[in-house]
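Here, each number is a calculation from the coordinates, and none is a lab measurement. Please read all numbers here as calculations on a predicted model, not as lab measurements. Cβ atoms come from the backbone with ideal geometry, glycine included; neighbour counts cover every protein chain shown.
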Amino acid sequence: MRVENVGAQPEYVRARLRMVSVAPDGSSADASGNVAFNVNAGEGSPWIDGGDGWYYYRGLAGRGGVLDPGSMTESLMDSLRFVGDYHDAARGGSYRLDIDVQAVQAKNQQANDTVLDVLDVVGWPEAN
């Protein structure tokens, strides 16, 4: 899973991965505990786990995660595997992978030319 900046301005991005079980009657429930995501996040990786349910794109070029227009991130998730009693969790239905992605414009994030880290960015929806 990769994210592309199709806008006209540089931006910071973050993504959230959630697995949902969907019962035959259409009802759904969080099933994230029934899956292990193989993510490319951590020290030295282009993505970092923000500890808030989101993975933040930091990049590899020392730019704090700024994604230029027309650019694409490195892959966040390469694969996943089901764990535990995932058959019962689906309640006879299926699973759906939900991927939420948010972006914040990089312009006007800092007062000087110092590179800002994506974890220090303001403007994410819950901050308002």
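Can you classify the stretch 40-100 as rounded, prolate or oblate using the Cα gyration tensor, where a ≥ b ≥ c are the square roots of its eigenvalues, rounded means a/c under 1.5, and otherwise it's prolate if a/b beats b/c and oblate if not? Prolate, since a/c reaches 1.5 and a/b exceeds b/c.
Sorting L119, L76 by the number of Cβ atoms found within 10 Å of their own Cβ, with the fewest placed first, yields L119, L76. Annotation: for a label point projected 7 angstrom from Cα along Cα→Cβ of Q9, residues of the stretch 65-104 with backbone N closer than 19 Å are 65-72, 101-104. Note down the Stokes-Einstein diffusion coefficient of the chain in µm²/s, whole number, using a Kirkwood radius over alpha carbon pairs, 20 °C, and 1.002 mPa s. In µm²/s, the coefficient is 134. In plain terms, the chain from N112 to F82 could stretch by 6.2 nm, reckoned as 0.36 nm per residue minus the Cα-Cα distance.
Of all stretches in the chain that contain no trypsin sites (Lys or Arg not before Pro) in a DSSP loop with at most 12 other Cβ atoms within 10 Å, the longest one is 3-106.
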